[in-house]
Each structure stands twice: as structure tokens, then as C-alpha cells.
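The values are calculated or read from the model by the stated rules, or taken from the named source; none is laboratory data. Everything quoted here is computed from the prediction, not taken from an experiment. Cβ placement follows ideal geometry from the backbone for every residue including glycine, while neighbour counts extend to all protein chains displayed. Keep in mind that these areas ignore ligands, DNA and RNA; they rest on the heavy atoms of the full protein, side chains included. Shrake-Rupley method; radii C 1.70, N 1.55, O 1.52, S 1.80 Å.
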Amino acid sequence: LIKSSKDNLVPKARLYRALGVSLCKTPPPANIRLSLLNEIWKTATKVQDIKLYLEVSQVFVEYIAQNFSERELNIFLKDVIKHVKKNKEVPFEQLHHYLEGMVQKIIHNSKDLFKIVAMANFLPIVDFLSKQDKVKVSKALLSKFVNLQKSTADPVIIHTLFDLARNIHDSIDELTY
């Protein structure tokens, strides 16, 4: 219905965003979720305005984190990285809010944080963030790890946890209490 709409009063990207919000609240049956996502994303990935693209992505990252595996999430994040790197019109600082929101939604909805952190395209998204946003994300990730009360011997996970802790440590100055 959205795809065939000829009305230009509201950008199609905003309509897809609204659809994504509804899908997050009430997911469709499991047997059509992936085909629905693929159909929507064929159109959404063509959005030229990076801010509109990230608005849609911010909603659909939550939908994907809630309903799919880390594989689909990783593929989705790869598309986000491609769009952010391709962007030349909007100053990068104006995109941090969208990216930080995406990362927070992934953290909040993740089923297995160890797999999320080990994904090839998760940490590059975190690297796009400003120093302040990295600190927020680092706090959220470390809090989530502490609440898991699981241990790991995986050197990649351990290194990542140390990097997150270092981000927080480096943000502390004489005015922090």
C-alpha cells in the first residue's frame, strides 16, 4: 500500500517508519516476518535523505532485534554503515543521535549480548558515535553484562569489555563525581 502510494504530502520514509513502530508493538506472524522486512527494506534502503533513512532504520533495528537473529541484525547494520559512510550532505555530528538510539535499542532488545558485541558491524556503529555517546553506550553495555552474571573466556569479548570500561574511565575528569 505504501509502495504504490502516489501521495507526496508525507514522505514514504515516514510512512515506513510509522509501519515499523506498529510492527514493533505487534509483530506479524513468524512465517511472514522476514519476507515483510525484505519487501519494506527494498524501498527503505533507497531513501536518499540520510536523516530520513536513519529515522526509519532506528525503528527497524528494534524490530529486527526483537524478532530476528544476530545474522539479520548484522546484515542490517552493514547497510546502515554503507549509508552513513556514503553521506556527504549532512554533518556527521547531526547523525550521532540516530546512531546512538539504534545502539541503545539493540542493547535493550538483545537476546545474547555476547553475540551482539562479537558481530562484525556492531562495534563500527559504536565507533561512529561522539565521545559522549560512546560513554553512554559503554555504560549501558557494561550494565547489561553485569546483569547477565555470566563469565566468558572469549578474548574478543574480554577485549571489548575493557575498551568499553576504558571509554568510561577516559571520560572521568576532576568535575566528575
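Give, in nm to one decimal, the length gained when the segment between residue 173 and residue 42 is fully stretched (0.36 nm per residue of separation minus the Cα-Cα distance).
This chain segment gains 42.5 nm when fully extended.
How much net charge surrounds residue 113 when only other residues with a Cβ under 13 Å from its Cβ are counted (Lys, Arg +1; Asp, Glu -1)? List each step's numbers first, then the result.
Working: positive: 111, 115, 144, 150; negative: 70, 112, 154.
Summing Lys/Arg as +1 and Asp/Glu as -1 gives +1.
Specify which residue in the list 151, 65, 24 is farthest towards the positive end of the charge dipole of the chain, using unit charges on the beta carbon of Lys, Arg (+1) and Asp, Glu (-1), about the Cα centre.
Looking along the dipole axis, the top candidate is 24.
Are any of the pairs 82/131; 25/86; 82/134; 42/82; 82/115; 78/115 more than 26 Å apart by Cα-Cα distance, and if so, which?
Working: 82/131 21 Å; 25/86 31 Å; 82/134 20 Å; 42/82 15 Å; 82/115 22 Å; 78/115 16 Å.
Violating the 26 Å Cα-Cα cut-off are 25/86.
Given contacts defined as C-alpha pairs under 8 Å and at least six residues apart, what's the relative contact order of the chain, whole-number percent?
18 percent
Roughly how tilted is helix 50-67, in degrees to the nearest 10 and between 0 and 90, from the longest Cα axis of the chain?
Orientation of helix 50-67: about 70 degrees from the principal axis.
Any idea how far apart residue 26 and residue 149 come out in nm if each label point goes 7 Å out from Cα toward Cβ?
3.7 nm
Roll a 1.4 Å probe over the protein chains and send me the accessible area per residue for the range 74-147 in Å².
Accessible area per residue, the range 74-147: 50 Å².
How large a share of the accessible area of the chain, in percent, is made up of carbon and sulfur atoms when the probe is 1.4 Å and the other protein chains stay in place?
Within the chain, the accessible surface is 57 percent carbon and sulfur.
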